[in-house]
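For reference, the structure discussed in these notes is given below.
The values are calculated or read from the model by the stated rules, or taken from the named source; none is laboratory data. Predicted model, so just to flag it, every value in this text is computed and none were measured. Note that we place each Cβ from the backbone using ideal geometry, even for glycine, and neighbour counts take in every protein chain shown. Keep in mind that these areas ignore ligands, DNA and RNA; they rest on the heavy atoms of the full protein, side chains included. Shrake-Rupley method; radii C 1.70, N 1.55, O 1.52, S 1.80 Å.
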Amino acid sequence: MGLKSKTTKQPDIEEQQQQIQTRKQPLLGEPIRPNVGTNETNRGSCCARIFFAFMPLLSSALIIAFLYILIFEGKNDPTQVLIAQAMAGYERQSEIMAIALMGSAFAIITTIAREVQIRVYFTRDGTYTCCLQAMNSIGALANILAYVGYLLTVFNKYDAEDETKAFLHVVGLLLFFILAPLYALLQCALLFKQTQYSMFIKIIFLLMAVLEYAVVIGYLVLKENAIIIEWFAVALISMYTGLFFVLFLIDPVDDELKEYFTLGCCRKKSGANERKDRPSVSKRNDPPANNRAEDIELA
């Protein structure tokens, strides 16, 4: 009576590592696959992934639509009329303000989601230093204040007789055109430290940030001598926010974002579902009798 065991061919570890090192990175980056759970949690993660991925595009589209309506429906020449002047002469103020409000709200949500995504990445990597934390927090706060300034500009007319409204309009304008480019540069600094994104993506974001700063500086210096630059600057800032669509597609931290925006309710629910679906200890430790002699044959 002897024992005959089944042997399997072990893969060459050095060959696998060499293949990983020589494999080319995709143009946009290597997508990070989320953890696999139950069907219910997977459906929830898929919905959250779609929501946060398309949120930047929705914000950008609404702000572009805001400019489009002022130019074509309001019949304003962007080379002759400032955005504030075009808004003051637009008849349907409630509609244009609603579009601006939704665009800013989605941009603020995108900013918060990006802050969470950066924090999750560097915490997962074990390199979330105090400097990176400060850059991430200051950048997120700067962009939130920038879009608050955008709303102040929209809701306070340029030619208002009330001095307070006129002052808030100017303050909002400065907040938007100073803090939004600052956020873009801080994002580029953080993006270049994230390895899951390709160099192509990083260069695109860097070029957009530099162009954004150049346009805003040109507008603040020239002011009324180059009115069209103001329209282009607002469109460019909104397009930069829309680029975050790619970042959330490659690295979807949907579980962490759901937990953050629901104040931990999703985490408690998913944990309860996992405990419910998990088999008992006695069943896990008692394998079926048919599998006990699978790898050993008696001769």
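Out of the residues in the stretch 131-155 meeting the condition of being within 13 Å of Gly103 (Cβ to Cβ) and either modelled with pLDDT under 95 or not hydrophobic (A, V, I, L, M, F, W, C) (or both), tell me which one is surrounded by the most Cβ atoms within 10 Å (Cβ to Cβ).
Result: Tyr147.
Kindly list the number of the only condition in (1) aromatic (Phe, Trp, Tyr); (2) open to solvent by less than 50 Å² (accessible area, probe 1.4 Å); (3) modelled with pLDDT under 90 that fails for Tyr121.
(3)
Given (1) farther than 30 Å from Ile203 by Cβ; (2) surrounded by 12 or more Cβ atoms within 10 Å (Cβ to Cβ); (3) among the acidic types (Asp, Glu); (4) at pLDDT below 80, identify the lone condition not met by Glu30.
The single condition Glu30 does not satisfy is (1).
Conditions tested, residue by residue: (1) at pLDDT below 90; (2) part of a helix (DSSP H, G or I); (3) not basic (Lys, Arg).
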position	(1), (2), (3)
Gln25	yes, no, yes
Arg43	yes, yes, no
Leu57	no, yes, yes
Phe66	no, yes, yes
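When you look at Gly37, is it open to solvent by less than 90 Å² (accessible area, probe 1.4 Å), at pLDDT below 90 and either among the β-branched types (Val, Ile, Thr) or over 30 Å from Ala146 (Cβ atoms) (or both), yes or no? Spell out how you get there, then give the answer.
Details: open to solvent by less than 90 Å² (accessible area, probe 1.4 Å): yes; at pLDDT below 90: yes; either among the β-branched types (Val, Ile, Thr) or over 30 Å from Ala146 (Cβ atoms) (or both): yes.
Yes.
If you scan the stretch 85-116, which residues turn out to be open to solvent by less than 40 Å² (accessible area, probe 1.4 Å), touching a Leu at 6+ places or on another chain (Cβ under 8 Å) and part of a helix (DSSP H, G or I)?
Answer for the stretch 85-116, where residues must be open to solvent by less than 40 Å² (accessible area, probe 1.4 Å), touching a Leu at 6+ places or on another chain (Cβ under 8 Å) and part of a helix (DSSP H, G or I): Ala86, Met87, Ile96, Ile99, Ala100, Gly103, Ser104, Ala113, Arg114, Val116.
Cβ contacts < 7 Å: first residue under 27 Å from Ser238 (Cα atoms) and free of Cβ contacts under 8 Å to residues at least 60 places away in the same chain, restricted to the stretch 108-136; second residue among the charged types (D, E, K, R) and open to solvent by 40 Å² or more (accessible area, probe 1.4 Å), any location; separation 6+ or different chain. Result?
Taking only residues 6 or more apart or on different chains, the pairs are Asn136/Arg119.
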